[in-house]
1. Let me make sure I get this right: for region 1-79, a, b and c are the square roots of the gyration tensor eigenvalues over alpha carbons, sorted descending. Under 1.5 in a/c it's rounded, otherwise prolate if a/b > b/c, else oblate. Which is it?
2. Using the Cα centre of the chain as origin and beta-carbon charges of +1 (Lys, Arg) and -1 (Asp, Glu), tell me which of Phe119, Asn26, Ala80 is placed farthest towards the positive end of the dipole.
3. Would you mind putting 103-116, 44-57 in packing order, based on average other-beta-carbon counts within 10 Å, highest first?
4. Enumerate lysine pairs in the chain that are 8 or more residues apart or on different chains, then count those whose Cα atoms are under 27 Å apart.
5. What shape does region 80-123 take by its C-alpha gyration tensor, where a ≥ b ≥ c are the square roots of the eigenvalues and a/c under 1.5 counts as rounded, a/b above b/c as prolate, and the rest as oblate?
6. Quick check on region 34-94: take the gyration tensor over C-alpha atoms, sort the square-rooted eigenvalues as a ≥ b ≥ c, and tell me if it's rounded (a/c under 1.5), prolate or oblate.
7. In whole Å, how far is the Cα centre of region 13-62 from that of region 82-124?
8. Please state the relative contact order of the chain as a whole percent: Cα pairs under 8 Å, 6+ residues apart?
Amino acid sequence: MQVRDRHYEYNIRFSSFLRTVEDVKNIYLRKNNRIYQLKQLAHIEEVSEQERGLSLSNGKRAVSLAVVKQADENMDDMKASLQEVMEHFTQVYPDIDFCISRSQTELLDYTISNLKQIFYWLSS
C-alpha cells in the first residue's frame, strides 16, 4: 500500500489481507496512547495507478507472474500443483491463454541429471 502526505510517499506492507478500501479504513493504530481507526486519521481512497510498462506474450498484452520455490518445498510437488492451477484457470477462463514462458526447473533437472551421471562415473 502506498501512503502519501503532502511531501512524502511511504510504502507500507501488512501481514494480513486487505482486500477492500473498507479493510484499510478499519485498520487500528495506536497514537499518543489512544486507539484510532485509520479512517479517523486520514482520507482513504482507491486510485488507479498509471501504467508504466507493458508485458507482451506472442504479441498480446499479458500479465506475468513469478512463482518462486521455497527451500523446504519439493520441486516435483510444486510443478504438479502449478499444473493443476493452470488447468483450473484454463477451465474457469477459457478465453484467456495461460502458459509457462520460462521455467528454471528444466535447468535444475538437467543439473541434477549431470550430477547423477558424474557420481555414477566416479563410483564405477
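1. It is oblate, given that a/c is not under 1.5 and a/b is not larger than b/c.
2. With unit charges placed on the Cβ atoms, the residue in question is Asn26.
3. 103-116, 44-57
4. 6
5. Values: a/c = 7.50, a/b = 3.69, b/c = 2.03.
Prolate shape, in that a/c is at least 1.5 and a/b is the bigger ratio.
6. On the way: a/c = 2.60, a/b = 1.54, b/c = 1.68.
Oblate.
7. 35 Å
8. Relative contact order for the chain comes out at 9 percent.
Read the figures in this text as sums done on the coordinates, not as results from a lab. The model shown is predicted, which means the values in this text are computed figures rather than measured ones. Backbone-built Cβ (ideal geometry, glycine too); neighbour counts: all protein chains shown.
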